[in-house]
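Read the structure below first, then the notes.
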Amino acid sequence: IGPGLTPVGTSATAFTAAGTGTWTCPPGVTSVLAECWAAGGGGASASGSYYAAGAGGGGEYAAQTVPVTPGHVYGYTVGAAGSAGPATGNPGSAGGNSVFTGDSGQMVTAYGGQGGGVNTYRGGGPGGAGGTGSTAPAAHDGGNGGNGDPYGGGGGSSGGPSSDGNDGDGYADAGTAV
């Protein structure tokens, strides 16, 4: 089957809470379609009334069928969302990567979006880049965060099973989810 479609055989298991964990392969399962969505970057904190902040980039999507062995325990990571700039005039932090590791160390990795930036002179800070770089056969980049000019950036949307994420803009409009 392809990414984003209904699984064949046993039901899908979704892990959505940020952090690391393990999954035990059930009897009769020899491969899984690992779909990973990375987290988006945090928005920056504006540095003054004339200095709008850039928004965070969306996380990447990556999917690949990987071999697994019944009864074995496999590790995964769900990336945490990037934090907003901690105080006036600070950039946001990057979103976390999401990873699943199958047999023989075969990894599916989706990369997090970058945090939004600030500008110390009039105008808006730069938006964070969308997550990108997966080597999985099905990978779609996150959208770029919007620049802070003129009114504050809108966040980039995540990549999805069928396309790259959409970019935010400088009118505080977020990218439309895909």
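For a distance above 22 Å, tell me the whole-number percent of Cα pairs in region 91-168 that qualify. Write out the running numbers ahead of the final one.
Working: 949 of 3003 pairs.
Here the long-distance tail beyond 22 Å is 32 percent of all Cα pairs in region 91-168.
A simple rule links phi to the HN-Hα coupling: the Karplus curve 6.51 cos²θ - 1.76 cosθ + 1.60 with θ = phi - 60°, which for region 161-170 gives x, 10, 6, 5, x, 9, 7, x, 9, x Hz, with x for Gly and Pro. For the chain, a simple Cβ point-charge model (Lys and Arg +1, Asp and Glu -1, everything else neutral) yields a dipole of about 280 debye relative to the Cα centre. Take the Cα of Thr135, step 7 Å toward its Cβ, do the same at Ser162, and the gap between the two points is 3.0 nm.
Taking 7 Å steps out from each Cα toward its Cβ at Val73 and Val29 produces label points 1.6 nm apart. Accessible surface ranking for Trp37, Trp23, 1.4 angstrom probe, highest first: Trp37, Trp23. Set against the labelled values [x] 1.13; [y] 0.97; [z] 1.74, Cα Rg over 2.2 N^0.38 Å computed from this structure falls on [x].
The values are calculated or read from the model by the stated rules, or taken from the named source; none is laboratory data. Just so you know, these numbers come straight off a predicted model, no measurement behind them. In this analysis, Cβ positions are derived from the backbone assuming ideal geometry, glycine residues included, and neighbour counts consider all displayed protein chains. Keep in mind that these areas ignore ligands, DNA and RNA; they rest on the heavy atoms of the full protein, side chains included. Shrake-Rupley method; radii C 1.70, N 1.55, O 1.52, S 1.80 Å.
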